[in-house]
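Remarks on the structure that follows.
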Amino acid sequence: MRSDPGQSAPLGLKAAAACGLLFLHLPILLIFVYAFTTEEKSFVWPPPGLTTQWFAVTWNRPDVWEALSLSIRVAAISTTIALVLGTLCAAAVSRTKFFGRETISLLVILPIALPGIITGIALRSAFALADIPFSFWTIVLGHATFCVVVVYNNAVARFRRTSGSMIEASMDLGADGFQTFRHVVLPNIATALLAGGMLAFALSFDEVIVTTFTAGQQQTVPIWMLEELIRPRQRPVTNVVAMVVVLVTLLPILFAYYLTRDGDQIAGSGK
């Protein structure tokens, strides 16, 4: 028996959905509330008062700006590396057939399937064996391991939905490999790459576990937040920074969803 798409959901199902959304998002709403509390030493509910002073305090904290700058630079470079390597891997796996292709595909996505602590320990051990000191670049390499997977998953799905006849027609008309990629392939996968890049940036920006094993004495925003939570004063500053993290990670994810929501159509299939 087929259900009517326009039929209203039962009241019980609506209530269950509302409870699920509340369970997921209530803690995030509390972060926003505590960013305005007048209590600076503990989290009291309800807040004794509301104030905006913590935004000014956060703005004038140099350690906040240093952590934010480091996180943005790491995320930007990790995403750039992921876009290049992830796109190349996706093109090789989706457009060609060779022995061991599925094995390579599995190995590419393995870093994001493993627990973060396993990846962190492995990277730390590798850096120690190679006698590589912890620095900005060790954080970048650690983040790039899982950012590549995000870009790869988006790119390989779009490659597989792109009609091969378009590439064949471009070659038949005399275009070389670079011209075909620039004028045919890239326009069809551009939104997938942009979405994958934004998701990779968001994941890198709020990564904690891998960063803990690869950062040394440096502090990204998540590491800074963890250390600030144990201090007895100015705890609302942590919530102000958390608001920024939520916005920085939420907006790219929403934009990525907007770009890929119509990606189920095969490009060029009707031409």
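A few points about this structure:
- Summed over segment 84-100, residues that are in a helix (DSSP H, G or I) and either within 13 Å of HIS143 (Cα to Cα) or open to solvent by 80 Å² or more (accessible area, probe 1.4 Å) (or both) total 4.
- Flag if VAL244 is part of a helix (DSSP H, G or I), in contact (Cβ under 8 Å) with a residue 24 or more places away in the chain and more than 23 Å from ALA90 (Cβ to Cβ): yes
- Whenever a residue of segment 138-160 is more than 18 Å from PRO252 (Cβ to Cβ) and β-branched (Val, Ile, Thr), its partners that are assigned to a helix (DSSP H, G or I) and open to solvent by 10 Å² or more (accessible area, probe 1.4 Å), lying with C-beta atoms within less than 6 angstrom and at least six residues away or across chains, give the pairs THR138/PHE127; VAL140/ILE77; THR145/PRO111; VAL156/SER94.
- Test: residue in segment 56-69 that is modelled with pLDDT of 80 or more, under 30 Å from TYR152 (Cα atoms) and touching a Phe, Trp or Tyr at 6+ places or on another chain (Cβ under 9 Å): yes
- Cβ pairs under 6 Å, 6+ apart, first in segment 63-88 and within 18 Å of PRO187 (Cα to Cα), second open to solvent by less than 60 Å² (accessible area, probe 1.4 Å): LEU83/VAL151; LEU83/GLY197; GLY86/VAL148; GLY86/VAL151; GLY86/TYR152; GLY86/ALA155; THR87/ALA155
- Test for ARG161: is it modelled with pLDDT under 80, open to solvent by 60 Å² or more (accessible area, probe 1.4 Å) and within 24 Å of the chain's Cα centre (by Cα): yes
- Where a residue in segment 103-130 is part of a helix (DSSP H, G or I) and its partner, wherever it lies, is among the small types (Gly, Ala, Ser) and at pLDDT below 85, with Cβ under 9 Å and at least six apart: ILE104/ALA92; LEU106/ALA113; VAL108/ALA90
- Residue tally, condition over 17 Å from ASN154 (Cα atoms) and open to solvent by less than 60 Å² (accessible area, probe 1.4 Å), over segment 102-121: 3
- Hey, ALA17 within 29 Å of ALA190 (Cα to Cα), among the small types (Gly, Ala, Ser) and either touching a residue at least 24 places away in the same chain (Cβ under 8 Å) or not in a loop (DSSP other than H, G, I, E, B) (or both) or not: no
- Yes/no for LEU194 being open to solvent by 70 Å² or more (accessible area, probe 1.4 Å) and at pLDDT 85 or above: no
Results for (1) under 17 Å from the mean Cα position of the chain (by Cα); (2) over 30 Å from ILE121 (Cβ atoms); (3) modelled with pLDDT under 70, shown as yes or no for each residue.
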site: VAL184; (1), (2), (3): no, yes, no
site: ILE189; (1), (2), (3): no, yes, no
site: ALA215; (1), (2), (3): no, no, no
site: PRO222; (1), (2), (3): yes, no, no
site: THR238; (1), (2), (3): no, no, no
site: THR249; (1), (2), (3): yes, no, no
site: ILE253; (1), (2), (3): yes, no, no
site: TYR258; (1), (2), (3): yes, yes, no
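The values are calculated or read from the model by the stated rules, or taken from the named source; none is laboratory data. Worth saying up front: this structure is predicted, and the values here are computed from it rather than measured. Don't worry about glycine lacking a Cβ; one is built from the backbone with ideal geometry, like all the others, and counts go over all protein chains shown. To get the accessible areas, we keep the full protein, side chains included, count just its heavy atoms, and leave off ligands, DNA and RNA. Shrake-Rupley method; radii C 1.70, N 1.55, O 1.52, S 1.80 Å.
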